[in-house]
1. Quick one: check the C-alpha center-to-center distance for region 257-300 versus region 24-61, whole angstrom.
2. How big is the convex hull of the Cα atoms of region 18-79, per residue, in Å³?
3. Could you state how much accessible area ARG52 has, in square angstrom rounded to the nearest 10, with a 1.4 Å probe and all protein chains kept in place?
4. Between LYS9 and GLU84, take the C-beta separation as r, use R0 = 35 Å, and let me know the FRET efficiency to the nearest 0.05.
5. Please report the net charge: other residues with Cβ closer than 12 Å to the Cβ of ASP89, K and R +1, D and E -1.
6. Using only the Cα atoms of region 150-196, each taken as one equal point scatterer with no solvent, compute I(q) by the Debye sum, divide by I(0), and report log10 of the ratio at q = 0.19, 0.21, 0.32 Å⁻¹.
7. Please work out how much accessible surface HIS30 shows to a 1.4 Å probe, ignoring ligands, DNA and RNA, in Å² rounded to 10.
8. May I ask you to evaluate 6.51 cos²θ - 1.76 cosθ + 1.60, the Karplus curve with θ = phi - 60°, for each residue of region 213-222 and list the ³J(HN,Hα) values in order in whole Hz, giving x for glycine and proline?
Amino acid sequence: MTATRIDGKAFAATIRDRVAQHVTRLKEDHGITPGLAVVLVGEDPASQVYVRNKGKQTHEAGMQSFEHRLPDDTPEADLLALVETLNGDPAVHGILVQLPLPGHIDAEKVINTIDPAKDVDGFHILNVGLLGTGQKSMVPCTPLGCLMMLREHHGTLSGLEAVVIGRSNIVGKPMAQLLLGESCTVTVAHSRTRDLAETVRRADIVIAAVGRPEMVPGDWIKPGATVIDVGINRVPAPEKGEGKTRLVGDCDFESCAEVAGAITPVPGGVGPMTIACLLANTVTACCRAQGIAEPEGLTV
Ligand code: NAD
């Protein structure tokens, strides 16, 4: 391996420390405790793990955590009513509705019912529009975490060629907007891109957000490029024993690390940054709601 390993786990710990310091200051100087409400509908096992981790880390940062667990057959109207209640609750500064939602619920309707000022996932149509027009918004947590790591590693990103693989609303598109905001030259590649390998070979920065295990090989990577691997894929790991699995990213770590200048591992790269940025967004939302100066280094 020749690439620098970008340690998202360690960097996320520093973000969480910064968040905790701001929380202490908000409590001591203003008598306010930031609060994050997380709503989970149904029994999806992966979502349950995410929600548990979010609650734990929210507490550890000194914030209030409000968890709402609703059954799988919750009517859409009941979920919308809960969101409205949380919108009106002054102790709640951030609201996150865990996705995916059961099929009978219109996820867009739910997201767009969240008060945009409390939309710590940054998925509300207003925040999407603000980000797209370069205005102050709530920024989606995963792309925000990627950008923080890139800024930490590169300093300025101005003029760099960035290729984002994936055009989802939660990762690919907001990532592209953020990179444009940093004055990168941005290409968004996707499942219909004609020559993905050649497109990726141009990139000084590669963001892989596809959800296909190890699909990006090292010979797609320009020597010295920075590779941010967003993918989280569970694959069989017979070497660990029968029925065992392991996590891999969208990039083939070994071969990419031979060519790249820097690369994030999976696990331990983008994943930990995502929850740290959720906590950061909650503090940001709290400060904006109270008209208090926003902490530096916790958003863009
Ligand atoms: P998605 O399924 O919504 O989008 C995938 C995108 O990949 C699509 O835009 C599609 O066009 C593109 N794509 C599919 N096949 C392709 C191909 N062969 N070549 C090029 N592009 C292709 O997924 P998502 O929600 O954006 O998530 C992507 C990955 O990131 C998943 O593995 C997900 O688990 C992971 N993820 C990780 C975090 C984190 O915190 N680390 C957060 C969100 C998502």
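The values are calculated or read from the model by the stated rules, or taken from the named source; none is laboratory data. Treat the numbers as computed from the prediction; the structure is a model and nothing was measured. Neighbour counts run over all protein chains shown; Cβ positions are idealised from the backbone, glycine included. The protein model used for the area step is the full one, side chains on, heavy atoms only, and it has no ligands, DNA or RNA in it. Shrake-Rupley method; radii C 1.70, N 1.55, O 1.52, S 1.80 Å.
1. Between the Cα centre of region 257-300 and that of region 24-61, the gap is 15 Å.
2. Working: hull volume 4.9 nm³, N = 62.
Cα-based convex hull of region 18-79, divided per residue, equals 79 Å³.
3. 140
4. Values: r = 37 Å, r/R0 = 1.06.
FRET efficiency, LYS9 to GLU84: 0.40.
5. Working: positive: LYS118; negative: GLU84, ASP115.
Combined, the nearby Lys, Arg, Asp and Glu give -1.
6. For region 150-196 at q = 0.19, 0.21, 0.32 Å⁻¹, log10 I(q)/I(0) is -0.59, -0.70, -1.14.
7. For HIS30, the solvent-accessible surface is approximately 90 Å².
8. Calculated HN-Hα couplings, in order: x, 6, 6, 9, x, x, 7, 8, 9, 5 Hz.
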